[in-house]
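Remarks on the structure that follows.
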Amino acid sequence: MKKFLPWLLCTICVCAGFAQAPKTPSIEEKTQGMEAYAGWFDFYYDENSDKIWLKIDKWDTEFLYVHALSAGVGSNDIGLDRGQLGGTKIVKFIRSGPKVLLIQPNYDYRASTDNPAETKAVREAFAQSVIGGFKVGAQSGEAVLVDMSEFLLRDAHNVTGRMKRSKQGGYRLDKSRSSMNLDRTRNFPQNTEIDVRLTFSGEPQGAWVRSVTPSPDAVTVQQHHSFVQLPDDGYTPRPFDPRSGFMFLSYQDYGTPIDQPLVKRFIRRHRLEKKDPSAEKSEAVEPLVYYLDPGIPEPVMSALKEGAAWWNQAFEAAGYENAFQVEVLPEDADPLDVRYNVIQWVHRSTRGWSYGSSVYDPRTGEIIKGHVSLGSLRVRQDFMIAQGLVTAYEAGKEVDPRLMEMALARLRQLSAHEVGHTLGLVHNYTASAVDRSSVMDYPHPYIQLKGGEIDFSAAYDIGIGEWDKQAITYGYQDFPEGTDEAESLDNMLNAAFAGGLKFLPDQDARPFGSAHPLAHLWDNGTYPTVEMERLLTVRKAALESFGEENIAMRQPMATLEEVLVPLYLSHRYQVEAVAKVIGGLEYTYSLRGDSKPGTQIVSAGKQRKALEVLLSTLSPETLELPENLIAMIPPHPLGYRRGRESFSTRTGGTFDPIAAASSAANHTLTFLLHPDRAARLVEYHARDAAIPGLTEVLESLVDATIKANPAEGLTAEIQKEVNDLATKHMIHLGLQEATNPQVRALVMYHLQNLHEWLEERESATPEWAAHYQNLAREIDQFLDEDDYELELNIPKIPDGSPIGMFCNGMH
């Protein structure tokens, strides 16, 4: 009995414990009094606790999870915009006892095979990600209810990381000041949309966050979560061709036979099908509809609608009738709802980039939602570019209407460009050299002189280009049954290139790291050097007539400087284009079996002409401003401070024409004397002695600048500034780690020769003697001191395209 009693007591205690365990309530019991939202995933809002409870009844069923910002920070520099899309993930819920896990499978590594063991081997070889974990709060049958609040109220968009990277301060999510945002929380049969309000608290350290936040120690944004049903399996992926002009999806397929490529690539595009694939022209089963943000004002709204609608021309060329449409977003629709392709109008405190994003199926590349964000200040910059070219504000007259016409023409092109990205297209930066054949280029306004007058009539092209039609046809052509699709697509591209079209994307157009002479951002014309000479002529005419009538009445005269900047630097992007001709290489992304030639070094004649034209941008004739214009610009008055789009100054608050010239000259020299270009010059000259080498470039530079005849007055000071920059850039080229050893040897050789010339130089004035002695001393220190450090005081070039620069030279 004594032995039995402890066992009995233990059993009673255990049973009592089980009896006291709380019973898991049913979903109906748990959600009593909560507001119900029926849809893809039913959910309930508990007003008492400000919580959202999600009903999960789809187990091991994959769906899309997308997060975005529904309300942003408003700073282009921080980069947290209204409507900014975050990552797109395929996820699924699985049950593990009392826990529910939200798992992201790894679609970067797959096995396309009928063998389930082979598929499993790949799945187990690479990590998956559990991005959420939840405790079951209620259950009815197989369905459970989980508290999603912590998952929804987390910093999914990495606002804290953006703040830290942009050096705006160390912020943390303050949950006490964060909540659900029911105004933008909705549910639909195929998508669940939940919005939250997040507040980040911290010590503000940067000017950007202070400039856009009423209390910078508390930054409140809105974050949006979308749970979306995956598309059905009726979509057929189209293989990617590097010549096609499309974005691509790629993954490694371990079910691939050994004699075939492991990496699979497919283009990203919307699903579009003809009602009658056999017909030359047919309506679409379901047309593509893009919706304009109703917050866009007129006349901007009409311009954006017209530009976006140009894409219907491309779809007509691909055999569709009225397959691309543009409408205004319904009042009750949310722009982040994945059911709508949207063109959104985004306000920021400073001008900045526009961009076209998309939500797409990571399995196939099918685009589900196109989302365009257009910066609202961009149109004002284009207006100001036009303002600097003509006397737009003659006394007693209305502002010249051509300014608004040019600005709206740019907006039409911009709308078409960004929509093009959401259709799956990448940039084509050779289009400007082929009769402006694509809106996917970055166009500089094509301003002309007609009868001595500035003409805006061809500033921007109208309509979609021939390349755009070709690209859309490649991506969206619906072939009749029995067609050899691969062969048809290949023939299509070969015919396009044989007809004169060209295509090169971003990687070939960036100012450094690429060598093609025709792929550039913001350039114009059939060839860079020809366009530069034409552009400098237009620039000179506009500068000669520039004056107070370029700004509105009652505006401070100091604001002339802001209007002057884009005019004075109107050749800055053409400089990049011309520089790429020097040491340039012509090529295409040809495939084996193509008839296209391989690489070809740019001819000696074209390189020498480019060098001549580029050096002309360093001349006082190009850089010097007229005295009457300089005298017009006083210091900025109260309330009109200098900004990032003003010229730098080394003269206090006064306008500094020498610093302006220095920033432009530094821009040219940065591109001319880059280590990559210098290495190509050495290589190409070695392969063909007729091609100009680095020696010829350095000698030509020295002859055009340091050894040029000394001038007087302001011209002389600009000469000295350019000479100093030329010397420093040669030294800088010799100092850089990336510099080829032979390049470094040649730089030192030519600097030694220049040093000897400077020491022997006799000057008529103390000013020029001091200048030459200073250059010689700088070179002498570089040649003799092992730990020599180059001291720089180079005025920063004002921000450019459309804000910030890829390179501001040495700084």
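Out of the residues in segment 174-211 that are outside any strand (DSSP E or B) and surrounded by 20 or more Cβ atoms within 10 Å (Cβ to Cβ), state the one that is nearest to the chain's Cα centre (by Cα).
Filtering segment 174-211 down to residues outside any strand (DSSP E or B) leaves 174-178, 181-185, 188-190, 205-211.
Okay, now just the ones that are also surrounded by 20 or more Cβ atoms within 10 Å (Cβ to Cβ), so 178, 185, 208-209.
Working: Ser178: 31, Thr185: 30, Trp208: 20, Val209: 22 Å.
Top of the filtered list is Trp208.
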Single match in Lys469, Lys450 (criterion: over 22 Å from the mean Cα position of the chain (by Cα), within 27 Å of Glu327 (Cβ to Cβ) and open to solvent by 30 Å² or more (accessible area, probe 1.4 Å)): Lys469
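Within segment 259-297, how many residues turn out to be among the aliphatic types (A, V, I, L, M) and surrounded by fewer than 16 Cβ atoms within 10 Å (Cβ to Cβ)?
Step one: of segment 259-297, the residues among the aliphatic types (A, V, I, L, M) are 262-263, 267, 272, 279, 284-285, 288-289, 292, 296.
Subset that is surrounded by fewer than 16 Cβ atoms within 10 Å (Cβ to Cβ): 262-263, 279, 285, 289.
Looking only at that region, the number is 5.
Kindly indicate whether Asn550 is open to solvent by less than 50 Å² (accessible area, probe 1.4 Å), polar (S, T, N, Q) and more than 30 Å from Pro692 (Cβ to Cβ). Walk me through it before giving the result.
Working: open to solvent by less than 50 Å² (accessible area, probe 1.4 Å): yes; polar (S, T, N, Q): yes; more than 30 Å from Pro692 (Cβ to Cβ): yes.
Yes.
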Pick from segment 569-598, criterion under 26 Å from Phe671 (Cβ atoms) and among the acidic types (Asp, Glu), ranking: surrounded by the fewest Cβ atoms within 10 Å (Cβ to Cβ): Glu586
The correct count of residues that are of a type outside the set (Ser, Thr, Tyr) and surrounded by fewer than 18 Cβ atoms within 10 Å (Cβ to Cβ) in segment 40-61 is 8
Residues of segment 513-545 that turn out to be out of contact with any helix residue (DSSP H, G or I) (no Cβ under 6 Å at 6 or more places or on another chain), not aliphatic (A, V, I, L, M) and not in a helix (DSSP H, G or I), as a count: 2
Exactly one of these conditions fails for Met247: (1) out of contact with any strand residue (DSSP E or B) (no Cβ under 6 Å at 6 or more places or on another chain); (2) open to solvent by less than 30 Å² (accessible area, probe 1.4 Å); (3) not β-branched (Val, Ile, Thr). Give me its number. (2)
Meets criteria (in contact (Cβ under 8 Å) with a residue 24 or more places away in the chain, open to solvent by 20 Å² or more (accessible area, probe 1.4 Å) and within 26 Å of Glu273 (Cβ to Cβ)) for Tyr340: yes
Filter result (out of contact with any helix residue (DSSP H, G or I) (no Cβ under 6 Å at 6 or more places or on another chain) and surrounded by 21 or more Cβ atoms within 10 Å (Cβ to Cβ)) within segment 453-464: Asp461
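Quick one: is Lys502 assigned to a loop (DSSP other than H, G, I, E, B) and open to solvent by 60 Å² or more (accessible area, probe 1.4 Å)?
Numbers: assigned to a loop (DSSP other than H, G, I, E, B): yes; open to solvent by 60 Å² or more (accessible area, probe 1.4 Å): yes.
Criteria met by Lys502.
Mind telling me which of the residues Glu721, Glu696 ends up being under 18 Å from Val578 (Cα atoms), surrounded by 16 or more Cβ atoms within 10 Å (Cβ to Cβ) and not aliphatic (A, V, I, L, M)?
Details: Glu721 fails: under 18 Å from Val578 (Cα atoms).
Step by step, each of Glu721, Glu696 is checked, and only Glu696 is under 18 Å from Val578 (Cα atoms), surrounded by 16 or more Cβ atoms within 10 Å (Cβ to Cβ) and not aliphatic (A, V, I, L, M).
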Being aliphatic (A, V, I, L, M) and farther than 17 Å from Gln104 by Cα is the filter here; which residues of segment 131-147 pass it? Val136, Ala138, Ala143, Val144, Leu145, Val146
The conditions are (1) surrounded by fewer than 14 Cβ atoms within 10 Å (Cβ to Cβ); (2) in contact with a Gly (Cβ under 8 Å, 6 or more places away or on another chain), and Arg642 fails exactly one of them. Which is it? (1)
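Would you point out which residue out of Gln168, Gln223 is under 30 Å from Ile267 (Cα atoms), under 24 Å from the mean Cα position of the chain (by Cα), of a type in the set (S, T, N, Q) and crowded, with 20+ Cβ neighbours inside 10 Å? I'd like the intermediate steps shown before the answer.
Working: Gln168 fails: under 30 Å from Ile267 (Cα atoms).
Selected residue: Gln223, the only one of Gln168, Gln223 that is under 30 Å from Ile267 (Cα atoms), under 24 Å from the mean Cα position of the chain (by Cα), of a type in the set (S, T, N, Q) and crowded, with 20+ Cβ neighbours inside 10 Å.
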All positions within segment 506-538 that are in contact with a His (Cβ under 6 Å, 6 or more places away or on another chain), at pLDDT 95 or above and more than 20 Å from Gln607 (Cβ to Cβ): none
Residue satisfying all of: in segment 699-717; of a type in the set (A, V, I, L, M) and open to solvent by less than 40 Å² (accessible area, probe 1.4 Å); farthest from Lys728 (Cα to Cα) among these: Ala711
Among Thr113, Thr61, the single one that is of a type in the set (Val, Ile, Thr), outside any strand (DSSP E or B) and free of Cβ contacts under 8 Å to residues at least 60 places away in the same chain is Thr61
Would you call Asn312 touching a Phe, Trp or Tyr at 6+ places or on another chain (Cβ under 8 Å), open to solvent by 10 Å² or more (accessible area, probe 1.4 Å), at pLDDT 95 or above and more than 25 Å from Met406 (Cα to Cα)? no
Restricting the search to segment 355-365, which residues are touching a strand residue (DSSP E or B) at 6+ places or on another chain (Cβ under 6 Å) and open to solvent by 10 Å² or more (accessible area, probe 1.4 Å)? Tyr355, Gly356, Ser357, Ser358, Tyr360, Pro362
What do you reckon, is Ile131 of a type outside the set (S, T, N, Q) and either under 26 Å from Asp174 (Cα atoms) or open to solvent by less than 20 Å² (accessible area, probe 1.4 Å) (or both)? yes
What are the residues in segment 8-35 that are open to solvent by less than 80 Å² (accessible area, probe 1.4 Å) and either at pLDDT 70 or above or assigned to a loop (DSSP other than H, G, I, E, B) (or both), if any? Ala21, Thr24, Pro25, Ser26, Ile27, Lys30, Thr31, Met34
Being at pLDDT 95 or above, part of a loop (DSSP other than H, G, I, E, B) and more than 21 Å from the chain's Cα centre (by Cα), is that true of even one residue in segment 415-432? no
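For segment 479-497, which residues satisfy the criterion of being under 31 Å from the mean Cα position of the chain (by Cα) and touching a residue at least 24 places away in the same chain (Cβ under 8 Å)?
Let us first name the residues in segment 479-497 that are under 31 Å from the mean Cα position of the chain (by Cα), namely 489-490, 492-497.
Answer for segment 479-497, where residues must be under 31 Å from the mean Cα position of the chain (by Cα) and touching a residue at least 24 places away in the same chain (Cβ under 8 Å): Leu489, Asp490, Leu493, Asn494, Ala496, Phe497.
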Residue ID - modelled with the lowest pLDDT, chosen from residues in segment 743-782 that are open to solvent by 40 Å² or more (accessible area, probe 1.4 Å) and of a type in the set (A, V, I, L, M): Ala764
Pairs needed: first member in segment 607-634, among the basic types (Lys, Arg); second member anywhere, assigned to a helix (DSSP H, G or I) and surrounded by 20 or more Cβ atoms within 10 Å (Cβ to Cβ); C-beta distance under 6 Å; at least 6 residues apart or different chains. Lys609/Thr529
Is there a residue in segment 709-718 that is touching a His at 6+ places or on another chain (Cβ under 7 Å) and within 25 Å of Thr622 (Cβ to Cβ)? no
Filter segment 135-148 for residues that are free of Cβ contacts under 8 Å to residues at least 40 places away in the same chain and part of a strand (DSSP E or B) and give the result. Lys135
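The values are calculated or read from the model by the stated rules, or taken from the named source; none is laboratory data. Keep in mind that this is a model prediction, so the values were computed, not measured. In this analysis, Cβ positions are derived from the backbone assuming ideal geometry, glycine residues included, and neighbour counts consider all displayed protein chains. Side chains included, ligands, DNA and RNA excluded: accessible areas come from the protein's heavy atoms. Shrake-Rupley method; radii C 1.70, N 1.55, O 1.52, S 1.80 Å.
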